[in-house]
Each structure stands twice: as C-alpha cells, then as structure tokens.
Amino acid sequence: MIEALISSKTRVKLLLKFFLNASNKAYLRGLEEEFGESTNAIRVELNRFEEAGMISAQTEGNKKIFTANTRHPLFREIHNIVMKHVGIDTIIDNVLSQLGEVSEVYLTGGFAQGNDNHIIDLEIIGSVNAAYLAELVGKAQSLLTRKIRYIVFSKEEYTALSAAHHLLPRLLIWSK
C-alpha cells in the first residue's frame, strides 16, 4: 500500500524504522547493515527527513544518531499511516473487540524495532478465549500479507516474567 505512494524503498524502510516505534535510534552504518543498502542512498533520505524536521540527530562520539521527531506536526499522522501499512490497526480492530478481558497488547520482534517483517509478533496480557483468538487471528491474517504470532499471558504470569521481558524490544499498542 505505502509503496504505491512512496517509490523509494529506502524511504519506506526509514519510515518504518523511525515512525513505527518512536523510541528507535539508529546511525548510518547500522542502517546500512540492517537495510543492506548503500550509505549514499540512506544518507540522502536521512538528510531529507532531517531537513523537513521529521527526524532529529544527535552526535554521540563519532556517530550521528537519528530518532523520530515526535514534536513534528505530522508525526502522529505518519505513525498512523505506518501502523495501517503494517496492518496492526486491523489486528486490533478484528482481534481485540470481543476477545475477553485483555489489559494490554505489545508488539514485539522485528516490528517493535522498526523493521519490516512478514511476521507480526504480539504479547497479549489478560484472560482470553483461545479458540476465538485463533479464529480472529486467522481472519486478520487473511486481510494482511503477514502472519501473526502471539502469546497470551495472564496478568500474574506477565508480572512474574516481566523482568526478563524488559530486555526484549516491545511497543505497547493497546491498553485498557
């Protein structure tokens, strides 16, 4: 969908990297390794985003570290477009509406790091109807070009495991 509007694959990757999870930080060489593209192509797009005020840069040692500018007037809209591109809005609407007592849903894995991926990883906290969840995930997957992988924790399980989970990249995408 977004590729029809934005022809630069590098630009799309940068939008996903910085606007899916605003806490993501990256530097040029790291993006080169992650994207598998030349530093020149990435640098051109980073400069455009920086000139437009959509990303900010800070120098740390000899590295220029980039982050999304959450104060930019278009940040929220771009974030919403990226979420729609990934299909997370569809998952939330289709999967959580009548699922049970869900308190929080986290995006984990590649997408939480701002990387495009064919698998969407979710952590669901609460008490849910497992059969109904599997049915709804199947419906959501048929609407998307991505697979959905999920794990459900009770509030107690999640609290007990939370120390280990804070090491993983996570993005809260829904809470009660």
- Item | Dimensionless Rg ratio for the stretch 2-77, taking C-alpha atoms and the 2.2 N^0.38 Å reference | 1.03
- Quick one: if the Förster radius is 30 Å, what FRET efficiency do GLU60 and LYS9 give, using the C-beta to C-beta distance and rounding to 0.05? 0.65
- Item | 0 to 90° range, to nearest 10: angle between helix 155-165 axis and the chain longest Cα axis | 30 degrees
- Residues GLU101 and LEU161, FRET efficiency given R0 of 25 Å [Cβ-Cβ distance, rounded to 0.05]: 0.85
- Which FRET efficiency, nearest 0.05, do LYS139 and GLU34 yield, Cβ-Cβ r, R0 35 Å? 0.65
- How big is the antiparallel share of DSSP beta bridges in the stretch 59-160, given as a percent to the nearest 5? 60 percent
- Query: What number, rounded to the nearest 500 deg cm²/dmol, is the helix-based mean residue ellipticity at 222 nm of the chain, given -39500 (n - 2.57) per DSSP H run of at least four residues and division by all its residues?
  - Reply: -14000 deg cm²/dmol
- Message: Using a 10 Å cut-off around each Cβ, can you sort HIS118, HIS85 from fewest to most neighbouring Cβ atoms?
- Response: HIS118, HIS85
- Message: Treating only the Cβ of Lys, Arg, Asp and Glu as charged (+1, +1, -1, -1), what charge dipole size does the chain show about its Cα centre? Round to the nearest 20 debye.
- Response: 360 debye
- Task: Return the percentage of antiparallel bridges among DSSP beta bridges fully within the chain, rounded to the nearest 5 %.
- Result: 75 percent
- On a 0 to 90° scale, report how tilted helix 9-19 is relative to the longest principal axis of the chain, with both axes built from alpha carbons and the result rounded to the nearest 10. 60 degrees
- What do you get for Rg/Rh of the chain when both radii come from the Cα atoms and Rh is the Kirkwood radius? 1.00
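None of the figures in this text is laboratory data; all of them are computed from the coordinates on show. This structure is a prediction, so every number in the text was calculated from the model and none was measured. In this analysis, Cβ positions are derived from the backbone assuming ideal geometry, glycine residues included, and neighbour counts consider all displayed protein chains.
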